[in-house]
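This report concerns only the one structure given below.
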């Protein structure tokens with residue numbers, strides 16, 4: 001069974017502070033993704049990566065950075081957290097990026113920026 | 001960009017009733033997937049169905065690609081089916097575009 005683990009599961013941050021969300025997968029998958037979920041918007045892609053040491057912008061990358069130091073690990077970084085970044089963040093992995101692939105999601109991180 | 005509309009936004013059923021969820025998308029999709037999200041939980045892929053009809057367990061998905069619509073039928077609903085059902089379209093390599101989901105509540 002594919003496994004994607006996110007940490008922390010929840011976090012409260014202050015406006016202007018730095019936040020790092022971590023994701024670890026044991027699937028030996030090449031592709032990893034960060035999505036955010038908001039009421040009224042559904043899930044939206046922030047960043048993704050298909051190889052270590054390289055990241056790509058998704059649909060809503062502004063205000064976020066990503067880091068892929070190894071195949072197994074993918075982090076999302078909010079350098080200056082803002083109120084609008086309060087959301088639930090999901091990490092996912094897939095074997096390849098093609099349309100036939102299944103995405104495996106982590107349990108999510110609930111971020112509240114105050 | 002690609003848009004995905006789901007209906008209804010919410011649905012309340014009694015156990016044993018059938019559910020019909022709809023997904024409409026704005027342009028040709030190379031792949032369409034249905035996901036289930038447990039209350040306050042993560043997402044699990046239910047099935048992929050770019051065209052035609054697919055069955056798995058009590059779930060049946062029918063996608064009519066030229067009409068840009070897909071449906072998910074849940075037969076004999078159970079309380080454990082409660083949660084959010086999300087439709088997602090592959091809108092480019094590596095990218096899924098999600099609808100806002102249908103929240104299903106099945107009462108005993």
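Converting the Cα gyration tensor eigenvalues of the stretch A:34-107 into ellipsoid dimensions via √(5λ) gives semi-axes, longest first, of 20, 16, 10 Å. Sorting A:87-95, A:39-47, A:26-34 by average packing, meaning the other beta carbons within 10 Å per residue, from highest down gives A:87-95, A:26-34, A:39-47.
Computing Rg and the Kirkwood Rh from the Cα coordinates of the stretch A:1-61 gives a ratio, Rg/Rh, of 0.98.
Mean sequence separation of contacting Cα pairs (under 8 Å, at least six apart), scaled by the length of the stretch B:24-108, corresponds to a relative contact order of 29 percent.
Each of the peptides B:22-28, B:97-103 was scored by the mean count of other Cβ atoms within 10 Å over its residues; in descending order, highest first, they stand as B:97-103, B:22-28.
Taking every Cα-Cα distance in chain B and sorting them into 10 Å bins starting at zero, the pair-distance distribution P(r) comes out as 16, 50, 29, 5, 0 percent. With each label modelled as a point 7 angstrom along the Cα→C-beta vector, the residue A:28-residue A:82 pair spans 4.2 nm. Over the stretch A:4-45, Cα pairs under 8 Å with separation of 6+ residues give a relative contact order of 33 percent.
For the protein assembly as shown, the average shadow cast by the Cα convex hull is 11.7 nm², which is a quarter of the hull's surface.
Which of the three applies to the stretch B:68-108, rounded, prolate or oblate, going by the alpha-carbon gyration tensor with a ≥ b ≥ c and a/c under 1.5 meaning rounded? Taking the square roots of the gyration eigenvalues as a ≥ b ≥ c, the stretch B:68-108 is prolate.
Note on the stretch A:70-93 and the stretch B:57-108: Cα centroid distance 26 Å, given to the nearest whole angstrom.
Values quoted throughout were computed directly from the atomic coordinates according to the rules given, and no laboratory measurement underlies them. Computed from a prediction, not measured in an experiment: that's the story for all the values here. Reconstructed Cβ throughout: ideal geometry from the backbone, glycine too, with neighbour counts over all protein chains shown.
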